[in-house]
Amino acid sequence: MSIQKEINKRRTLAIISHPDAGKTTLTEKFLLFGGAIQTAGAVKSNKIKKSATSDFMEIERQRGISVATSVMSFDYKDIKINLLDTPGHKDFAEDTYRTLTAVDSVILVIDSVKGVEPQTERLMEVCRMRKTPVIIFINKLDREGRDPFELLDELEDKLSIRVRPLSWPVGKGFMFKGVYNLYDKSFNLFRPNKTTLDDNLIVVPDLEDEILEEKLGSEPLKQLKEDVALIEGVYDAFDRQKYLEGELAPVFFGSAINNFGVKELLDTCIQVTPTPRGRETDRRMINPGEEQFSGFVFKIHANLDPKHRDRIAFLRICSGKFERNKFFHHVRLDKSLRFSSPATFMAQEKNLVEEAYPGDVVGLYDTGNFKIGDALTEGENLVFKGIPSFSPEIFKELINTDPMKTKQLEKGIQQLTDEGVAQLFVQHLGNRKIVGTVGELQFDVIQYRLLHEYSASCRFRTLNFFKACWITSDDEKKIEDFIRYKPENIAQDKDGNLVYFAESEWLLNKAIENNPAIQFHFNSEFKVN
Ligand code: G4P
């Protein structure tokens, strides 16, 4: 089969949500439809339960599960769907952001009772940044949720995206009757059903059909007619182009646990979601259909067995064909590498991959060659754009508590930060090591893993910084003056880029205001521009 044919039958997407909105449940139903699993409960949630936020063993256990569910591939109606998993816990948000760089579209799950939640807003910010097409699934219609019109307004308001309902609920909670599909005018009658994949589709030529009155009752039907008239009056017809540009999100309603509205979502998904897209690099745009292979690493996972320090690097294929045992060019290291056991992971099962195509993700066993963002090609030197590190928000000084193990600590912290667990900075004055993360939990993970995987012990001292941002300027002198003025607030990241640490929002704004010749960057994208 030609590369183009392989591309046309692939979709690579992620389901994202604020924890507890129903991401895992929806994922599981997708896999059931795709025949990838046979029973509900086969996919374990990789969320770290709230009760165990500092339980290291729990973290390790969850990390193990998340390798197995990193990429779940299944076939649905001749389309190969690669579903990339994202951690739900907010402390691992950066992991999620990076995973979003490897997908071509997302499904955002919203809890109909809670509406837009904080993590939903942040995830959407990342999608907007990358103009990722978004489909919204409003879940838990079997609960007494919010008014659907109110939810749509909130989505537009808080997520800064235009929405277009493609299905519409009749009733909610105990009175939930089902969902009307505005696209093909079918009605899906609700019957709680947690175990099978049967549907109860009633297809009606229009809303005047008698069967609807019989099934819904006259009041709910009247309400539906009014709602539909309002929707058709207020919202423009669904425009796929606008969806593909990330400006317009189609909205579906349903109940994942009851397997309700899921099939409609999946059917629409394969019709509207984009096939694997091209990727920008510092040199040129890479088109998926090119003969020459290219791909980038977006996630690195340490092996769970502390005796073996090898890791798994997850590579998204961007163009051409990946082949097992073929030599590829590691751009950053200027080195030829080949992979004898590239793998996919699925519900605890590991499979050897012989070849893979754009949109696919393969797991490569790695002994320390890879860093997040690394490119593999057939010889071309390029750096993929759009795989940023974000400025962290919690900062602590790393203090070595066992001088005999200094080397191990050094190696451990370098490797863990290569994996993207946290970011490492070295302070300009005094060479202190500063670890920056987006969540408290990562410090526990680092301390635990340094001890168990590298036999190094450390403690952390809290630093009172509010934000770190990268600084650049065309005027060397201005940067030098700035460093001289605030030496204790300046550090270098692992690549030697200068970073400014601000103690407060006010001080940060002041620094920006007083130094117009200096650019302050809040993610690392400037490095590849
Ligand atoms: P997450 O991955 O987004 O964190 O959410 P997850 O799917 O784990 O779902 C969170 C909770 O919401 C689960 O309940 C799940 O059963 C429930 N849920 C998912 N979809 C629906 C739905 O359509 N209706 C209702 N009423 N509930 C739904 P839990 O009690 O936290 O876990 P569990 O004990 O059921 O596994």
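The values are calculated or read from the model by the stated rules, or taken from the named source; none is laboratory data. Remember, it's a predicted structure, so these values are computed and weren't measured experimentally. FYI the Cβ positions are ideal-geometry reconstructions off the backbone, even for glycines, and counts take in every protein chain you see. Note: accessible area is taken over every heavy atom of the protein model, side chains too, but ligands, DNA and RNA are not part of it. Shrake-Rupley method; radii C 1.70, N 1.55, O 1.52, S 1.80 Å.
Here are a few things to note about the model shown:
- Listed by position, the strands (runs of 3 or more DSSP E) contained in the stretch 301-410 that have at least 1 residues being touching a helix residue (DSSP H, G or I) at 6+ places or on another chain (Cβ under 7 Å) and modelled with pLDDT of 90 or more are 394-400.
- Flag if residue 420 is part of a loop (DSSP other than H, G, I, E, B), outside the structural domain of residue 99 (by TED's automatic domain parsing) and open to solvent by less than 20 Å² (accessible area, probe 1.4 Å): yes
- Every listed requirement among (1) of a type in the set (D, E, K, R); (2) open to solvent by 10 Å² or more (accessible area, probe 1.4 Å); (3) in the same structural domain as residue 256 (by TED's automatic domain parsing) is met by residue 184 save one, (3).
- Selected residue (only one of 283, 279 is of a type in the set (Lys, Arg) and in contact with a strand residue (DSSP E or B) (Cβ under 8 Å, 6 or more places away or on another chain)): 279
- The residues listed here are 246, 261; of these, the one that is touching a strand residue (DSSP E or B) at 6+ places or on another chain (Cβ under 8 Å) and at pLDDT below 90 is 261.
- In the stretch 5-25, the residues that are closer than 30 Å to residue 291 by Cβ reach residues that are part of a strand (DSSP E or B) and within 12 Å of the ligand (Cβ to nearest atom) with C-beta atoms within less than 8 angstrom, at least six apart or across chains, in these pairs: 13/107; 14/107.
- Once the stretch 488-514 is narrowed to residues that are part of a helix (DSSP H, G or I) and among the charged types (D, E, K, R), the residue that is surrounded by the fewest Cβ atoms within 10 Å (Cβ to Cβ) is 513.
- Verdict on residue 302 being of a type in the set (Gly, Ala, Ser) and within 30 Å of residue 140 (Cα to Cα): no
- Scanning the stretch 397-454 for residues that are β-branched (Val, Ile, Thr) and within 21 Å of residue 312 (Cβ to Cβ) yields 413, 417, 421, 445, 446.
- Scoring residue 273 on the criteria (1) β-branched (Val, Ile, Thr); (2) within 21 Å of residue 138 (Cβ to Cβ); (3) open to solvent by 30 Å² or more (accessible area, probe 1.4 Å) leaves a single failure, condition (3).
- Test: residue 417 is within 21 Å of residue 94 (Cα to Cα) and modelled with pLDDT under 90: yes
- Top-ranked residue of the stretch 69-99 - restricted to ones that are of a type in the set (Lys, Arg) and at negative phi, ranked as modelled with the lowest pLDDT: 90
- Members of the stretch 139-162 that are aliphatic (A, V, I, L, M) and either surrounded by fewer than 15 Cβ atoms within 10 Å (Cβ to Cβ) or under 21 Å from residue 225 (Cβ atoms) (or both): 141, 151, 152
- Single unsatisfied condition, residue 263 versus (1) assigned by TED's automatic domain parsing to the domain that holds residue 149; (2) away from the ligand (no atom under 16 Å from the Cβ); (3) open to solvent by 40 Å² or more (accessible area, probe 1.4 Å): (2)
- Flag for residue 117 being in contact (Cβ under 8 Å) with a residue 60 or more places away in the chain, within 30 Å of residue 174 (Cα to Cα) and open to solvent by 10 Å² or more (accessible area, probe 1.4 Å): yes
- Odd one out for residue 246, checked against (1) on the phi > 0 side of the Ramachandran plot; (2) touching an Asp or Glu at 6+ places or on another chain (Cβ under 7 Å): (2)
- Residue 206 meets all of the listed conditions (1) more than 30 Å from residue 360 (Cα to Cα); (2) acidic (Asp, Glu); (3) open to solvent by less than 50 Å² (accessible area, probe 1.4 Å) but one, namely (3).
The rows are residues; the columns are (1) in contact with a Phe, Trp or Tyr (Cβ under 7 Å, 6 or more places away or on another chain); (2) of a type in the set (Asp, Glu); (3) open to solvent by 10 Å² or more (accessible area, probe 1.4 Å).
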{"position": "367", "(1), (2), (3)": "no, no, yes"}
{"position": "371", "(1), (2), (3)": "no, no, yes"}
{"position": "380", "(1), (2), (3)": "no, yes, yes"}
{"position": "390", "(1), (2), (3)": "yes, no, yes"}
{"position": "401", "(1), (2), (3)": "no, no, yes"}
{"position": "408", "(1), (2), (3)": "yes, no, yes"}
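- Residue selected from the stretch 220-260 under the condition within 14 Å of the ligand (Cβ to nearest atom) and part of a loop (DSSP other than H, G, I, E, B), by the criterion nearest to the chain's Cα centre (by Cα): 256
- Residue 96 meets all of the listed conditions (1) within 11 Å of the ligand (Cβ to nearest atom); (2) part of a helix (DSSP H, G or I) but one, namely (1).
- Inside the stretch 308-333, residues that are free of Cβ contacts under 8 Å to residues at least 12 places away in the same chain and aliphatic (A, V, I, L, M) make up a count of 0.
- If the condition is being away from the ligand (no atom under 15 Å from the Cβ), among the basic types (Lys, Arg) and not in a helix (DSSP H, G or I), then the stretch 112-163 contributes 131, 162.
- Filter result for residue 279 (open to solvent by 10 Å² or more (accessible area, probe 1.4 Å), charged (D, E, K, R) and away from the ligand (no atom under 16 Å from the Cβ)): yes
- Subset of the stretch 425-443 [crowded, with 17+ Cβ neighbours inside 10 Å and in contact with an Asp or Glu (Cβ under 9 Å, 6 or more places away or on another chain)]: 425, 427, 428, 433, 434, 435, 436, 437, 438, 439, 441, 442
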